[in-house]
Each structure stands twice: as C-alpha cells, then as structure tokens.
1. Report yes if some residue within the stretch 36-54 is at positive phi, in contact with a strand residue (DSSP E or B) (Cβ under 9 Å, 6 or more places away or on another chain) and at pLDDT 95 or above; otherwise report no.
2. Looking for something within 16 Å of the chain's Cα centre (by Cα) and in a strand (DSSP E or B) - is there at least one such residue anywhere in the stretch 79-102?
3. Looking at the structure I just gave you, is residue 116 in the same structural domain as residue 152 (by TED's automatic domain parsing), surrounded by fewer than 16 Cβ atoms within 10 Å (Cβ to Cβ), in contact (Cβ under 8 Å) with a residue 24 or more places away in the chain and within 26 Å of residue 10 (Cβ to Cβ)?
4. Return yes or no: is residue 21 assigned to a loop (DSSP other than H, G, I, E, B) and under 19 Å from the mean Cα position of the chain (by Cα)?
C-alpha cells in the first residue's frame, strides 16, 4: 500500500522563509519514516521565493510523496478564532502532516456555533484542527505532550523555553486561565489568545 502524500506549510514573511530548519527536520523524519528515504532533500535548494511575492506574509505549500508533487505560493490571511468546542476521537492519527485531512475536517464539522474544535484523544487534550495549543496556569505556558502533530512552531517555542510540555487532561482545563493557538503561519506573538471560558464542553 502506497503511503499517503504529505505537505509542509512554510511561512514567508517579507520574502524570507521562516523556521526553515524545523521544516527541514520534519521533512526528513517524515520521508525516513514513511518511505525509508536515506537521501536528504534541501529545502533551500527546492524553494526559491518567486519575484512576484512582495513584502507581507505568504504561505508556501510543498506537497510531496517519494518525490515533490507540487509547490504553491499564496497570500496568507489568518482565520479569526473566538471560541473552541471540545470534541473527542480516541483513535485519530495525524502523526505526519498528511494531505488527507478528512478525519480532522469531520471533527471540525462538530464545532457547532464555535469557530474551531479542541480535539481530545483518550482523555488528553491535543490540538485544534489547524493549530497547536498552549495553556497558561498563572506561571507557565504548557503545551500538550501528546499533540496530534508536533508542529514546527511548537518545536521552536520548546527550544526557546517559551512553552513546556505536559500531559493535559480534559477535566483539568478549568485550572488554566488562557489558551494560545499557534502554527507555522502564526508566531507566538501573532497567535490567537482566548480565555478558557471560550472553550465549550462537547459533552
């Protein structure tokens, strides 16, 4: 059975590719795990910012399998998130950045009147449908130690000691005052900040 296609979404800010070493590392891990690849692709060689991209923020999407399938560049506008609904899926697997997001999209459809979902797997908080998360306990920002997808921005923030890993049970959410959403396109400073009262129970 052929492994599914994956992709990297890389932020381009003022014609500069952001956090490229973290994308490079994940690309290599994915290719090694899914296809047993031993060669290393260089994102620096693969990606050349088009002259048509002006200053501002753009999204580079590199779709790949055993070879590069497509490279797309498009303007980026963040999606406003003002509320989250807790949803449950104990068997979801999104350990690689798969192009097939059908399972995630199905969970997102359960958001009701909220803007996005907060996914719980086997009692533990993971991610939203598009972002990693961190919760503030009054002293530290804690990010779930078992995310659906270990994001590149998450890896950067852990290395910078801005956030720390911890298992977060869904019944412990009341302990936290705020939650921040971030991903490759949203830096820590740009990430959506919500109070935990804006997380609706899915029960």
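1. no
2. Yes, that holds for at least one residue.
3. no
4. no
The values are calculated or read from the model by the stated rules, or taken from the named source; none is laboratory data. Because the structure is a prediction, the values reported are computed rather than measured. Ideal geometry is used to build each Cβ from the backbone, glycine not excepted, and the neighbour counts take in all protein chains shown.
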